[in-house]
Amino acid sequence: MAAVAASAAALSLVLSACAAGSTPGDKPSLRTHEDVTVYTWWASGVEKQGLDKLAEVFEQQHPGITFVNDGVMGGGGSSTSKEYLQTRLETQDPPDTFAAHAGAELDDYIEGGFIQDLTPLYKKLGLKEVFPKSLMDQLKTQDGKIYSVPSNIHRANLLWANPAVLEKHGLDTSGQYEDLDSFIADLETLKQAGVEYPLSVANEWPQVHLLETVLLGELGAEAYDGLWDGTTDWNGPEVTAALEDYKQLLSFSNPTRNEMEWDAASTMVVEGKSAFNIMGDWALPVYAAEGRQYGKDYVVVPSPGTNGVFDFLADSFTMSTGILDEDAARAWLETVSSKEGQLEFNRIKGSIPARTDVDPGQFNEYQKTAFESFNNDPIVSSVAHGAAVPVSQLTKITAAAVAFEKDGDVAKLQAALAASAG
Ligand code: BGC
């Protein structure tokens, strides 16, 4: 757990980074017993549209309770948004409920006593029966308790491509790559042909995200899993090869990457400035906007070398300890878990519902491929998005990636990643 002093410094950073409308300091004055304060980092663009929709369903289902958006900017749960949340928790000013990722990310919050056991709510709403077993395994702690309610299932290992750019340079427009070598060869072709930055990359967590998909593509599902449970040696030659590939990928990307948010990197592909981006399916609304067609104007396929594997994460809502009105928080969680909430929210968000009883026919063509893969392929946990490792370990991995972006020292990165597990 970060010390309060360090968190306070982070808080001032977040406050200065907050966009108009994100005024966390003003929020507590809005609270009454009829409010539910909900923290997410879905503060703008397509992410906010998804949250707004969920809030709309909530207010229809629970007309006596007002939804209060208590979130901040910070896509992907960037370190500043997580530090801001941590400060709120440590200073006994928690939002009633906050979105985190299902899996190991919750460990530190559970250990710190910041969130409540929701097993009784699962019983009351019959939720164990409606979420798939693979997801329940992620949600349950070792002692069988459950601390969050998932709103969705996102896929992380996706390559987004602009087929017009590929066609122009005589490349296969499917975007399918069996391995990283063939992907790197096409990046080289594009670069030689004058596409300055064939792969778009954004700041901080998107770099960890890219790194994770390269590790998965190079090592395969089993050895990738082994990195997080200690059965794969971080110092092995396969990891070195993956990190060399990662270094090459960065060399094909925009030098503006450290100043760029994930969605701006997606826009580079939409606009044909880059041919490719690797990002989770929350990017779908960026590509699918304004009548652009799946398979024609953009393609989205498993990232190089990861066909037949589903790299999983889920946005999952908690209930904080020490809050004014637990019933209001439970009402929010009920909406999050409801069929209608999951349908309406996920149609916008790009993810698929966590519930198994929502009709896939109501979703778009890309999302149908996600249903198919999640139900049939081996599932691995995303590291950049909290499923594989606790916040404390991810913080170290992120620091290693940030340092590598500057010095490009593979041996140093490998040593730092190996040390992050300790
Ligand atoms: C979250 C998504 C979010 C994305 C970008 C991921 O960590 O799970 O819900 O859209 O980050 O902010």
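The values are calculated or read from the model by the stated rules, or taken from the named source; none is laboratory data. Just so we're clear, the structure is a prediction, and the values are computed from it rather than from any experiment. Every residue, glycine among them, receives a Cβ derived from its backbone with ideal geometry; neighbour counts consider all protein chains shown. Please note that ligands, DNA and RNA were not included when accessible areas were found on the heavy atoms of the full protein model with its side chains. Shrake-Rupley method; radii C 1.70, N 1.55, O 1.52, S 1.80 Å.
Key figures
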{"item": "Selection of GluC sites (Glu not before Pro), the range 101-203, meeting DSSP coil and at most 14 other Cβ within 10 Å", "result": "E178, E196"}
{"item": "Sum of -39500 (n - 2.57) over DSSP H runs of 4+, divided by residues of the chain (222 nm, nearest 500)", "result": "-14500 deg cm²/dmol"}
{"item": "Dimensionless Rg over Rh [the range 89-224; C-alpha; Kirkwood]", "result": "1.12"}
{"item": "Positive minus negative residues near G408 (Lys, Arg vs Asp, Glu; Cβ under 12 Å)", "result": "-1"}
{"item": "Summed side-chain charge close to S44 - residues other than S44 whose Cβ falls under 13 Å, Lys, Arg +1, Asp, Glu -1", "result": "-3"}
{"item": "The range 149-206: mean projected area of Cα convex hull, nm²", "result": "5.7"}
{"item": "Extension reserve of the E372-E326 stretch, reckoned as 0.36 nm per residue once the Cα distance is removed", "result": "12.9 nm"}
{"item": "Contact order normalised by residue count of the chain, Cα under 8 Å, 6+ apart, percent", "result": "26"}
{"item": "For the range 154-216 and the range 248-295, distance of Cα centres in Å", "result": "10"}
{"item": "Whole-number percent relative contact order across the range 112-231, with pairs defined as alpha carbons under 8 Å at least 6 apart", "result": "16"}
{"item": "Volume per residue that the Cα convex hull of the chain spans, once the total is divided by residue count, Å³", "result": "133"}
{"item": "The range 234-356 - percent of accessible surface contributed by carbon and sulfur, probe 1.4 Å", "result": "46"}
{"item": "Three-way shape call for the range 210-338 based on the alpha-carbon gyration tensor, with the a/c threshold at 1.5", "result": "oblate"}
{"item": "When the convex hull of its Cα atoms is projected in every direction, mean area for the range 250-289 (nm²)", "result": "2.9"}
{"item": "Entries of K123/K145; K247/K412; K124/K339; K168/K296; K124/K349 with Cα pairs more than 18 Å apart", "result": "K124/K349"}
{"item": "Computed over the range 74-121, Kirkwood Rh from alpha-carbon pairs, angstrom", "result": "11.6"}
{"item": "Centroid-to-centroid separation of the range 351-383 and the range 59-129 [C-alpha atoms, Å]", "result": "23"}
{"item": "Mean Cα-pair separation over length for the range 285-404, i.e. relative contact order, pairs under 8 Å, 6 or more apart, %", "result": "31"}
{"item": "Convex hull of Cα atoms in the range 316-422, direction-averaged projection (nm²)", "result": "10.3"}
{"item": "Cleavage-rule hits (trypsin sites (Lys or Arg not before Pro)) in the range 294-393: DSSP loop, at most 14 neighbouring Cβ within 10 angstrom", "result": "K296"}
{"item": "For the chain: accessible area per residue (Å², 1.4 Å)", "result": "39"}
{"item": "GluC sites (Glu not before Pro) lying in DSSP loop within the range 228-296, provided at most 16 other Cβ fall within 10 Å", "result": "E271"}
